[in-house]
2 protein chains.
Amino acid sequence: MKPEAQGKDVKLKILNAAKKLFAKKGFEGTTVRQICDEAGVALALVSYHFGGKENVFYALFETFAPAFLAAEYDLEDPAQDLQAFVREFALFRLAEPELINILQQEVMMESPRLEKLQSIIYVLWRQLRLILEAGKAKGQFEFDSTRHTVHFIVGTLVFSRSSPFLDPVFQDENESNQPTAAEAEKMVVELTTKFILNGIKSKI
Amino acid sequence: MKPEAQGKDVKLKILNAAKKLFAKKGFEGTTVRQICDEAGVALALVSYHFGGKENVFYALFETFAPAFLAAEYDLEDPAQDLQAFVREFALFRLAEPELINILQQEVMMESPRLEKLQSIIYVLWRQLRLILEAGKAKGQFEFDSTRHTVHFIVGTLVFSRSSPFLDPVFQDENESNQPTAAEAEKMVVELTTKFILNGIKSKI
DNA sequence: GTCTATACACTGATAGAC
DNA sequence: GTCTATCAGTGTATAGAC
């Protein structure tokens, strides 16, 4: 391994370890020692490469959510925009469940760290709000309060804890034969879209 | 104040402080010192009255969610049962937002503390699942996957962070004139019910 | 029951060898 | 760049005065 590549490698190992641990134990519940143990590197390397635990947190989002939902919507067909929005969000959640998990925890406790993520979150929030209002104006959606509806949709999109003890082992309901990973992905996106669009009485 | 009542008073002050802080900073992010400062009592009293920080956590739910959603549903009219379920949940969230907040954080990180709350959570989860399946069997609801639909509904019910920076100050949309607290409550319940019931195409 | 003072493990961060 | 050893600070819990 080339010397100059080692730094990158260690940084990535730390980021992956931190992602896993932050999602599982929260930011405060995770110690730098745990991160380094999980990553298999020495304790000092978090400070060396990132300059502290908090910067690992920010690097997590810069690395794994670089242009997360940077898509713009022209609001010409809000129903279609909403579908695209939901789809993109659901796919990101499938790709990076830990990141969504961390984000949700931080949003819940209004952590001070959110300030530096405000751009990401606020943009999303605003996009959704604009789509909803445009769709309502065009008669495509049916809801009373934009503020609450944004909450409902975000809640639907964000919450997906497949804890073993909440979903006890039981026969696959409809999906009797094991779907492939790709099929399962597609299904989740479809189901989520359907629930949300139904929720605001939009055609699918 | 009667001597024997002082203990109760201090315990309640600690519980209220802990509820506020756990919701805001998470369990691990909250220190016993912070709890006691917020409660205005000496550091030692958490250990004295509860036997440690973790027991304060459990006492929180025993105290403020004594028979939370103990309601039974006969599943004769699942659509009505679901409405009652959503209503009861939404009202509890209005009454004890911090508790829902804490619960959500813990569920997200699958904290070890959840084990002792399993009965509460699992019962809820199961009730909702049973209502959904009964309603589907009766043709009242329309959805493909019970598992995912439970997730969507719980997400909708649980997520409601009214952070000032997510909902920037802007003119009350529909609700132009200030509603009373009771009216606002009623509205939230109605909106939530509507979104969820629409989501599974149930009549309202 | 409530307080202050303290014990002692563990935290994040750094210094210095390699 | 990476490691081990160590620091100062803070965590929870307890001992003992009142």
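Of the candidates B:PHE92, B:PHE68, the single residue that is outside any loop (DSSP other than H, G, I, E, B) and within 17 Å of the chain's Cα centre (by Cα) is B:PHE92. Of a type outside the set (S, T, N, Q), at negative phi and in the same structural domain as A:PHE141 (by TED's automatic domain parsing), is that true of A:LEU82? Criteria met by A:LEU82. Being out of contact with any strand residue (DSSP E or B) (no Cβ under 7 Å at 6 or more places or on another chain), within 14 Å of DNA strand C (Cβ to nearest atom) and farther than 30 Å from B:GLN127 by Cα is a property that holds for B:GLN6.
For segment B:5-42, a residue qualifies if it is within 9 Å of DNA strand D (Cβ to nearest atom) and in contact with a Gly (Cβ under 6 Å, 6 or more places away or on another chain), and exactly one does: B:GLU28. Of the helices (runs of 4 or more DSSP H) lying entirely inside segment B:1-55, the ones with 2 or more residues being touching a residue at least 24 places away in the same chain (Cβ under 8 Å) and closer than 17 Å to B:ALA65 by Cβ are found at B:3-25. The set of residues in segment B:185-201 that are of a type in the set (A, V, I, L, M, F, W, C) and without any contact (Cβ under 8 Å) to a residue 40 or more places away in the chain comprises B:MET187, B:LEU191, B:PHE195.
For segment B:45-92, enumerate the residues that are of a type in the set (Gly, Ala, Ser) and under 30 Å from B:THR31 (Cβ atoms). Matches in segment B:45-92: B:SER47, B:GLY51, B:GLY52, B:ALA59, B:ALA65. Residues of segment B:57-73 that are modelled with pLDDT of 95 or more and charged (D, E, K, R): B:GLU62 alone. Report whether or not B:ALA59 is free of Cβ contacts under 8 Å to residues at least 24 places away in the same chain, under 18 Å from B:ILE120 (Cα atoms) and either not charged (D, E, K, R) or not in a loop (DSSP other than H, G, I, E, B) (or both). Here the answer is no, as B:ALA59 does not meet what is asked. The set of residues in segment B:92-141 that are among the aromatic types (Phe, Trp, Tyr) and more than 8 Å from chain A (Cβ to nearest Cβ) comprises B:PHE92, B:PHE141. Checking each residue of segment B:43-56 against the condition of being at pLDDT 95 or above and away from DNA strand D (no atom under 16 Å from the Cβ) gives no match. Scanning segment A:156-182 for residues that are surrounded by 12 or more Cβ atoms within 10 Å (Cβ to Cβ) and either part of a helix (DSSP H, G or I) or modelled with pLDDT of 95 or more (or both) returns A:THR156, A:LEU157, A:VAL158. Against the test of being assigned to a loop (DSSP other than H, G, I, E, B) and at pLDDT 95 or above, the options A:GLU76, A:GLU110 yield a single qualifying residue, A:GLU76. None of B:LYS11, B:LYS24, B:LYS19 is buried (at least 19 other Cβ atoms within 10 Å of the Cβ), modelled with pLDDT of 95 or more, closer than 30 Å to B:GLN127 by Cα and charged (D, E, K, R) except B:LYS19. Screening B:ASP144 on (1) outside any helix (DSSP H, G or I); (2) in contact (Cβ under 8 Å) with a residue 12 or more places away in the chain; (3) within 14 Å of chain A (Cβ to nearest Cβ) shows it passes everything except condition (2).
A Cβ distance below 6 Å, combined with a sequence gap of six or more or placement on separate chains, defines the contacts here; from segment A:68-91, residues that are over 20 Å from A:PHE152 (Cα atoms) reach residues that are buried (at least 20 other Cβ atoms within 10 Å of the Cβ) and among the acidic types (Asp, Glu) in the pairs A:TYR73/A:ASP81. The set of residues in segment B:57-84 that are away from DNA strand D (no atom under 16 Å from the Cβ) and of a type in the set (Gly, Ala, Ser) comprises B:ALA65, B:ALA67, B:ALA70, B:ALA71, B:ALA79, B:ALA84. Within segment B:108-124, which residues are farther than 21 Å from A:ALA23 by Cβ and either buried (at least 18 other Cβ atoms within 10 Å of the Cβ) or β-branched (Val, Ile, Thr) (or both)? Correct list: B:ILE120, B:VAL123, B:LEU124.
The values are calculated or read from the model by the stated rules, or taken from the named source; none is laboratory data. In this text the structure is predicted, and so the values were computed from the model without any measurement. Backbone-built Cβ (ideal geometry, glycine too); neighbour counts: all protein chains shown.
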